[in-house]
Every structure is written in structure tokens, then in C-alpha cells.
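This report refers to the structure that appears directly beneath it.
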Amino acid sequence: MDLGLNGKRAAVAASSQGLGRATAAALAAEGVTVAICGRSRERIDAAAAEIPGAIPLVADVATEEGAASFVRAAADALGGIDILVANGGGPPAGTFASTDLAAYRAAVEQNCLSVIAMCTEVVPAMQAQAWGRVLAITSISVRQPIATLILSNTARAGLTGFLKTLAREVAPDGVTVNSIQPGTHDTERIRSLRGAGTDLSDGAIGRPEDFGRVAAFLCSDAARFVNGAALNVDGGAYAGLQ
């Protein structure tokens, strides 16, 4: 299926590994020129070497300024941005009893304000050209909060509210805004959490490349009437009816 993305330009945040890299690779396979970023020059260069035409940038998107700087650099390198994939690591685990108030401020910057900063930089230009795609990689915890991840549950839920609101505002301008909520996938982070040598081959574990293809579809011209959606890609882990 031709997704109608050939020649488009994408900025994919936090894409040196895992689901970010898989999404960048899927977009590149559709003819998109991608700018990718990570905090380590060595790791982002290694990722770029595996993604045809990728432009590697060093950036830390965990802060408002770092996130805004990344998309500005990406726009300069690409000559503009048609697609923004907002992605980033999550805050530390914790419960209400174990989490200080100050930690919430840091988490909201990391997983909410940083994405808003990226949107502030790129969405007006998308509106002006009457075409754009914003896709945020969030977490299944937005739909089904995880008991030990109170910071992520809180910050990403706030981001989801922002994205839904933005989607309605920019729809008349040919811009769509969606989020995609991963479950457990075979990524470097999951392997580090579960230990070296862990068998992740059972059906409850997703493949990053499959996630990337779903993300690429949501960025496509074929998905132009998918807007304001929060799609869980979790192999059926979410147990709710809605």
C-alpha cells in the first residue's frame, strides 16, 4: 500500500533506539526524509547508518528548550517539517507515597510540556502549508494507569488532553494530531529491565518494526481522516471495552 509519503520530511524525537527508531525506519521506507535525535552522538550516528537518508542530530528532548531546539535544527536540516513524531523516555517509577511534589513538575516538563514545545515550533508552518501530521508516542498507561508509574500516568494523561484539543483546532487546516499508546515491545529498554538473555518471543511482546508501520500509517495521507485518536498498540493487553 502506497502511504503517499514519498518526499515528505519528518522529525522523529528520541529515535536512537526502540520504538522511535522503528518509527523513523518505517517512515524512511516510505520515502520520507527523517531527522532523528538522541543524547549520544555515537548512538544516534549508529542509528542513522541503518536508516536510509536519515539526518542524525544530538538533542535531549526531556526539556522544553531541548525539545524546541531539536525541531528547529530538524527544520533547518530538512528545509521544513511535514511530520512530527514526538517521543521520549518516561520519568522514574513511583507511587503517591514515594513521590515528592517536585517530581511532578519535572515529569510534566519531560512528558507533556516538551511535546507542547515541539508543537509550538512546527504546527503553525504545517497549517500554513495546509498539510501536516503530529503523532505522539505515549503509553498504554494513559488508558489503563499503571500502579507504580504515577508520574507517567499523570503527565502523559495531560498531554493526551492537549493533543485532543489541538486536533480539533487544526483539522480545518489539513493537519492531524494523534497519539499512539504502546504496550510491551521487544526494545532495548524492556530487555534491560527484564535482564540479559530474557526470552521475549511469546505473543505478549510486540515487535518494534510492527509498531513502526502502524505509526507510519497514522502519518500518511491515507490516514487523513484519523484525527484526535489515541490508538493502543499493545497486542490486546488493555482489558477495557473503550
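With respect to THR165, determine if the residue is among the hydroxyl-bearing types (Ser, Thr, Tyr), buried (at least 17 other Cβ atoms within 10 Å of the Cβ), closer than 30 Å to LYS8 by Cβ and at pLDDT 95 or above. No, not satisfied.
Flag not set for ALA67, criterion: modelled with pLDDT of 95 or more, outside any loop (DSSP other than H, G, I, E, B) and closer than 27 Å to ASP2 by Cα.
Here's the yes/no breakdown for (1) under 18 Å from ALA86 (Cβ atoms); (2) in a helix (DSSP H, G or I); (3) of a type in the set (A, V, I, L, M, F, W, C):
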residue: SER141; (1), (2), (3): yes, yes, no
residue: PRO145; (1), (2), (3): no, no, no
residue: SER152; (1), (2), (3): yes, yes, no
residue: ALA157; (1), (2), (3): yes, yes, yes
residue: PHE162; (1), (2), (3): yes, yes, yes
residue: ALA167; (1), (2), (3): yes, yes, yes
residue: VAL170; (1), (2), (3): yes, yes, yes
residue: VAL177; (1), (2), (3): yes, no, yes
residue: ILE180; (1), (2), (3): yes, no, yes
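Taking every residue in the stretch 73-95 that is free of Cβ contacts under 8 Å to residues at least 60 places away in the same chain and pairing it with any residue that is surrounded by 15 or more Cβ atoms within 10 Å (Cβ to Cβ) and in a strand (DSSP E or B), at least 6 positions away or on another chain, the pairs with Cβ-Cβ distances below 6 Å are ALA73/LEU57; ALA77/ALA35; ALA77/ILE55; ALA93/LEU149.
Restricting attention to the stretch 34-45 and to residues that are crowded, with 19+ Cβ neighbours inside 10 Å and over 26 Å from ILE140 (Cβ atoms), the residue that is farthest from the chain's Cα centre (by Cα) turns out to be ILE44. Taken together, ALA48, ALA74 contain a single residue that is within 16 Å of the chain's Cα centre (by Cα), within 15 Å of GLY20 (Cβ to Cβ), in a helix (DSSP H, G or I) and at pLDDT 95 or above, which is ALA74. Applying the selection to the stretch 110-151, what residues are modelled with pLDDT of 95 or more and closer than 25 Å to ALA239 by Cα? Once the filter is applied, which keeps residues that are modelled with pLDDT of 95 or more and closer than 25 Å to ALA239 by Cα, the stretch 110-151 yields ASN111, LEU135, ALA136, ILE137, THR138, ILE150, LEU151.
The values are calculated or read from the model by the stated rules, or taken from the named source; none is laboratory data. Here the structure is a predicted model, which is why all the values come from computation and not from measurement. Glycine gets a Cβ as well: all are built from the backbone with ideal geometry, and neighbour counts include every protein chain shown.
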